[in-house]
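Q: Structure incoming, see below.
The values are calculated or read from the model by the stated rules, or taken from the named source; none is laboratory data. Note that the structure is a prediction, hence the values are computed from the model and not measured. Neighbour counts run over all protein chains shown; Cβ positions are idealised from the backbone, glycine included. Note: areas computed on protein heavy atoms with side chains; ligands, DNA, RNA excluded. Shrake-Rupley method; radii C 1.70, N 1.55, O 1.52, S 1.80 Å.
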Amino acid sequence: MFEGSYLGDAQRLTADTRLECKICWYVYDPAQGDDVWQIPPGTPFVELPAHWKCPVCDGARDQFMVLE
């Protein structure tokens, strides 16, 4: 199992992979989506728009860490 920063490697993620911002600890859960960015539930992390950032601290998406 991959652990640590995502660093843009989409091949290491599954559709239901949850990721955590390493700055503010916000968790992106595909089952919940993201209300701030109007991302519907069921959207995998790899399908987020390229300009998406952490909705809490504006951290870059490639700095998110994979949760088990």
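Q: Out of the stretch 21-68, which residues are more than 19 Å from Asp9 (Cβ to Cβ), of a type in the set (A, V, I, L, M, F, W, C) and in contact with a Gly (Cβ under 9 Å, 6 or more places away or on another chain)?
A: Residues satisfying the conditions are Ile23, Cys24, Ala31, Ile39.
Q: Kindly evaluate Arg61 against the criterion of being modelled with pLDDT under 95 and either open to solvent by 50 Å² or more (accessible area, probe 1.4 Å) or hydroxyl-bearing (Ser, Thr, Tyr) (or both). Even if it seems obvious, please write down each step before you answer.
A: Details: modelled with pLDDT under 95: yes; either open to solvent by 50 Å² or more (accessible area, probe 1.4 Å) or hydroxyl-bearing (Ser, Thr, Tyr) (or both): no.
When the stated conditions are applied, Arg61 does not pass them.
Q: Step by step: first the residues of the stretch 23-44, then only those that are touching a residue at least 24 places away in the same chain (Cβ under 8 Å) and of a type outside the set (Val, Ile, Thr), then the one that is farthest from Asp58 (Cα to Cα). Which residue is that? Write out each step before concluding.
A: Taking the stretch 23-44 first, the residues touching a residue at least 24 places away in the same chain (Cβ under 8 Å) are 23-24, 26-28, 44.
So of that shortlist, the ones also of a type outside the set (Val, Ile, Thr) come out as 24, 26, 28, 44.
Working: Cys24: 9, Tyr26: 11, Tyr28: 13, Pro44: 19 Å.
This residue is Pro44.
Q: Does Phe2 meet the test of being modelled with pLDDT under 95 and open to solvent by less than 20 Å² (accessible area, probe 1.4 Å)? Explain how you work it out, then say what you get.
A: Numbers: modelled with pLDDT under 95: yes; open to solvent by less than 20 Å² (accessible area, probe 1.4 Å): no.
Spelling it out, it is not the case that Phe2 is modelled with pLDDT under 95 and open to solvent by less than 20 Å² (accessible area, probe 1.4 Å).
Q: Out of all the residues in the stretch 16-37, which are exposed (fewer than 12 other Cβ atoms within 10 Å of the Cβ) and either small (Gly, Ala, Ser) or in a strand (DSSP E or B) (or both)?
A: Matches in the stretch 16-37: Ala31 only.
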